[in-house]
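I have placed the structure first, in the form of structure tokens, so that the comments after it can refer back to it.
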Ligand code: ADP
């Protein structure tokens, strides 16, 4: 094992292989050579090089084919294609296929050194970025564990004791003690809500969602959300109605995550509503896009606050919202989940009249296997306000 950077040169011309080996070894690199694509792929697996110098025009397996195979198996391998002037177009193709740069033949030792040094820098950068990403994920998981076990669990236990005392299960308590404990209980409930929302946000891993998408019908998800939140709406004297879509359409989604999305939107529509107001959930499926609206007749959102409502912990501060409990994390969770589904969220609101949130999701094509065409992509690219 050596600490030196390893370069693999794949070229059917012996003269090129020899001169590359001479120059690169002198420069301090560990240099390996292969006479064709097959041997090149074999050596890639065996020596795990940092940089691949790859001739495009080779008999048998050509450079583009080798490139496409190593891109799948060695994502950190930086590839420089060697090409003749006449084949500059294929060099461009190779760059499109993921090559880092190209080196036209004939080249001088200085040109070779320069390009290989740059490729090595790129390799180190990619490796460092991957390591930092891993470290960030590790820290996040560690933090999640701390919050979930060291913070949430003991607080839940305290709340359970309080529930027992306030429920008079342990005997009578005097009025002052009951009032004080009641205040402490609601503060604790607020804190636990923040922790629960924060954990939801931290655990909303776009990679995990993308990896667990399946073909689903949105209606059962919406029906469950409306059914679960009906008692909350009744409590507030708000009418809650779900309308059927114009047609059945299937989307590629993680049903539980979408349930979280619509639970957040519908519960906001109820809690920021006025007495005897209404909430309507409806939608439209057309041209490769499913649009679900959650419309309310509530207090609305001031125009100048709208750009911030998807930010973590943001809450509109006004006399009307002061008494309404919340964590300011619900809409961040909504946006993160919807974006992991390649969708987007829009909001339209008028103060004193109401708010409409619309979620756009790409639908599945008729063959049920592929995501919908252009319009679905448009949804993904539509920027949330
Ligand atoms: P919260 O837990 O505070 O409800 P959210 O992230 O869900 O947090 O929402 C952020 C802020 O956006 C809320 O505090 C509220 O001020 C505003 N908001 C969200 N939905 C509505 C709505 N339907 N009507 C009026 N204001 C809303």
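Is it true that residue 12 is farther than 29 Å from residue 129 by Cα, surrounded by fewer than 20 Cβ atoms within 10 Å (Cβ to Cβ) and touching a residue at least 12 places away in the same chain (Cβ under 8 Å)? Against the criterion (farther than 29 Å from residue 129 by Cα, surrounded by fewer than 20 Cβ atoms within 10 Å (Cβ to Cβ) and touching a residue at least 12 places away in the same chain (Cβ under 8 Å)), residue 12 qualifies. Of all residues in the range 4-55, those being in contact with a strand residue (DSSP E or B) (Cβ under 6 Å, 6 or more places away or on another chain) and not in a helix (DSSP H, G or I) number 20. Which of the strands (runs of 3 or more DSSP E) found entirely inside the range 201-259 contain at least 2 residues meeting this: within 29 Å of the chain's Cα centre (by Cα) and surrounded by 12 or more Cβ atoms within 10 Å (Cβ to Cβ)? Fully inside the range 201-259 and qualifying: 214-217, 250-253.
Scanning the range 281-298 for residues that are surrounded by fewer than 19 Cβ atoms within 10 Å (Cβ to Cβ) and more than 12 Å from the ligand (Cβ to nearest atom) turns up 282, 284, 286, 287, 291.
With respect to residue 318, determine if the residue is within 13 Å of the ligand (Cβ to nearest atom) and not assigned by TED's automatic domain parsing to the domain that holds residue 195. Judged against the criteria, residue 318 is a match.
Within the range 334-358, the set of residues being under 13 Å from residue 257 (Cα atoms) and either assigned to a strand (DSSP E or B) or within 11 Å of the ligand (Cβ to nearest atom) (or both) comprises 334, 335.
Quick check: is even one residue across the range 281-297 over 29 Å from the mean Cα position of the chain (by Cα) and in a loop (DSSP other than H, G, I, E, B)? Checked against the condition, which is being over 29 Å from the mean Cα position of the chain (by Cα) and in a loop (DSSP other than H, G, I, E, B), the range 281-297 yields at least one hit.
The values are calculated or read from the model by the stated rules, or taken from the named source; none is laboratory data. Computed from a prediction, not measured in an experiment: that's the story for all the values here. Counting neighbours? That spans all protein chains shown, and the Cβs are built from the backbone with ideal geometry, glycine included.
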